[in-house]
1. Among LYS84, LYS4, which is more than 19 Å from LEU144 (Cβ to Cβ), among the charged types (D, E, K, R) and touching a Lys or Arg at 6+ places or on another chain (Cβ under 7 Å)?
2. Name the pairs whose Cβ atoms lie under 7 Å apart, with the first residue in region 14-30 and modelled with pLDDT of 90 or more and part of a strand (DSSP E or B), the second open to solvent by less than 50 Å² (accessible area, probe 1.4 Å) and among the polar types (S, T, N, Q), and 6 or more positions between them or separate chains?
3. Only one residue in LYS63, LYS48, LYS101, LYS35 is at pLDDT below 95 and of a type in the set (D, E, K, R). Which one?
4. Can you pull out the residues in region 38-47 that are closer than 25 Å to GLU2 by Cα and either among the aliphatic types (A, V, I, L, M) or open to solvent by less than 70 Å² (accessible area, probe 1.4 Å) (or both)?
5. Of these, GLU14, GLU27, GLU51, GLU69, which one is over 27 Å from PHE149 (Cβ atoms) and in contact with a helix residue (DSSP H, G or I) (Cβ under 8 Å, 6 or more places away or on another chain)?
6. Tell me whether region 123-134 contains one or more residues that are over 19 Å from HIS13 (Cα atoms), touching a Ser or Thr at 6+ places or on another chain (Cβ under 8 Å) and of a type in the set (Ser, Thr, Tyr).
7. Given the criteria over 17 Å from the mean Cα position of the chain (by Cα) and of a type in the set (Gly, Ala, Ser), does GLY83 qualify?
8. Among (1) farther than 20 Å from ASP5 by Cα; (2) touching a helix residue (DSSP H, G or I) at 6+ places or on another chain (Cβ under 6 Å), which single condition is PRO142 missing?
Amino acid sequence: MEFKDAVKIILKHEGGYVNDPVDPGGETNMGISKKAYPYLNIKELTKKDAEDIYFKDYWLKAKVKKVPEELRMIYFDMVVNMGKSRAVKILQTAISAKGVKTTVDGGIGPQTISNALKSGLEPDRLRSYRVKYYADLINRKPSLEKYWFGWYRRALEV
């Protein structure tokens, strides 16, 4: 999957402007948060601006293009939804569960990329570890349970 196709899915999932005080992201528009980009006028963010941010700060920095094609959209969506380090840790954990020992450190370097290719990690296995993360998060922070079904559905859709 290429960026231009992936970002369309991301923008559909992220929706428009939201300022939910319970949401850890706080004020967001198209998934871009004021917390991460304090200098931006989030309410007035354009689709083009959001796409540029997703390409530069998410797609490129998370090295999405280097992970196996069948995992790309899942991984990219996790990077957007939960941050690069957490997404990489989930990827690394899933690779290790396939029997390819991988350091779980949140860094997307040559070892993780090589092991992702070598492991034969199935998309459904990666999705299952993503869902597990959400369940564990809600157990730690019950106030986030209102997001459970949306996160679950999103995890299964990509």
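1. Values: LYS4 fails: touching a Lys or Arg at 6+ places or on another chain (Cβ under 7 Å).
Checking each option against the conditions leaves just LYS84.
2. Here the result reads TYR17/ASN29; VAL18/THR28; GLU27/SER33, each pair linking region 14-30 to a residue that is open to solvent by less than 50 Å² (accessible area, probe 1.4 Å) and among the polar types (S, T, N, Q).
3. Numbers: LYS63 fails: at pLDDT below 95; LYS48 fails: at pLDDT below 95; LYS101 fails: at pLDDT below 95.
Step by step, each of LYS63, LYS48, LYS101, LYS35 is checked, and only LYS35 is at pLDDT below 95 and of a type in the set (D, E, K, R).
4. Taking region 38-47 as the starting set, the residues that turn out to be closer than 25 Å to GLU2 by Cα are 45-47.
Once the filter is applied, which keeps residues that are closer than 25 Å to GLU2 by Cα and either among the aliphatic types (A, V, I, L, M) or open to solvent by less than 70 Å² (accessible area, probe 1.4 Å) (or both), region 38-47 yields LEU45, THR46.
5. Values: GLU14 fails: over 27 Å from PHE149 (Cβ atoms); GLU27 fails: over 27 Å from PHE149 (Cβ atoms); GLU69 fails: in contact with a helix residue (DSSP H, G or I) (Cβ under 8 Å, 6 or more places away or on another chain).
Answer to the check: GLU51.
6. Yes.
7. Working: over 17 Å from the mean Cα position of the chain (by Cα): no; of a type in the set (Gly, Ala, Ser): yes.
Criteria not met by GLY83.
8. (2)
The values are calculated or read from the model by the stated rules, or taken from the named source; none is laboratory data. Just so it is clear, the structure is predicted and the values come from calculations on it, not from any experiment. Glycine also receives a Cβ, built like all others from the backbone with ideal geometry; neighbour counts cover every protein chain displayed. Note: areas computed on protein heavy atoms with side chains; ligands, DNA, RNA excluded. Shrake-Rupley method; radii C 1.70, N 1.55, O 1.52, S 1.80 Å.
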